[in-house]
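The values are calculated or read from the model by the stated rules, or taken from the named source; none is laboratory data. Nothing here was measured: the structure is a model prediction, and the numbers come from that model. With ideal geometry, Cβ positions are generated from the backbone for all residues, glycine too; neighbour counts draw on all protein chains shown. Accessible surface is based on the protein model in full, side chains and every heavy atom, while ligands, DNA and RNA are left aside. Shrake-Rupley method; radii C 1.70, N 1.55, O 1.52, S 1.80 Å.
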Amino acid sequence: MIRDTLKAAQIEAMKTKAMETLATIRLIQSELKNKDIELRGSEIADDDAHVTAVLQKMVKQRRESAEMFRKGGAEDRAALEEAEISVIETFLPQQMSDDEAEKAVATIIADVGAEGMKDMGRVMGEVRARHGATIEPAKASAIAKAKLAG
């Protein structure tokens, strides 16, 4: 379970005094706690899928922040965001390469018989169902849009 890995990594970061890593792990745990509170009363079928979704969202937020900091000339702040991304990604399942992601999305497009942008929702639903933890949703969306548009 990813939560167990997070807890072990937190203890290790405390022992080794890796303060940046520890701070990021605490951010992850805080975000997970907030999401758990938000979903209180709802049944979570697969906890690892739940945690993975939270981690993917955190990575996306930090990528967007890093990009904005770069545009604003705050390279040091962008570097901090990217450092957090590298820590968060260690807890995500191994992600598909660009080539693997393209092949997977192309297969799904063929399987669902998607012909245009109107089928984007079906394609993305199937991407999440088949490869939810191993492909970043933003990457899958960009690949699907490119294939369905042209």
Those helices (runs of 4 or more DSSP H) lying entirely in the stretch 44-150 with at least 1 residues among the basic types (Lys, Arg) and over 17 Å from LEU27 (Cβ atoms): 47-71, 98-112, 120-131, 137-149
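Surrounded by 12 or more Cβ atoms within 10 Å (Cβ to Cβ) and among the charged types (D, E, K, R), is that true of GLU84?
Answer is yes for this residue.
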Total residues in the stretch 6-21, condition surrounded by 13 or more Cβ atoms within 10 Å (Cβ to Cβ) and among the hydroxyl-bearing types (Ser, Thr, Tyr): 1
Contacts under 8 angstrom Cβ, first residue in the stretch 79-99 being closer than 17 Å to LEU22 by Cβ, partner open to solvent by 40 Å² or more (accessible area, probe 1.4 Å) and not in a helix (DSSP H, G or I), 6 or more apart: GLU89/GLN95
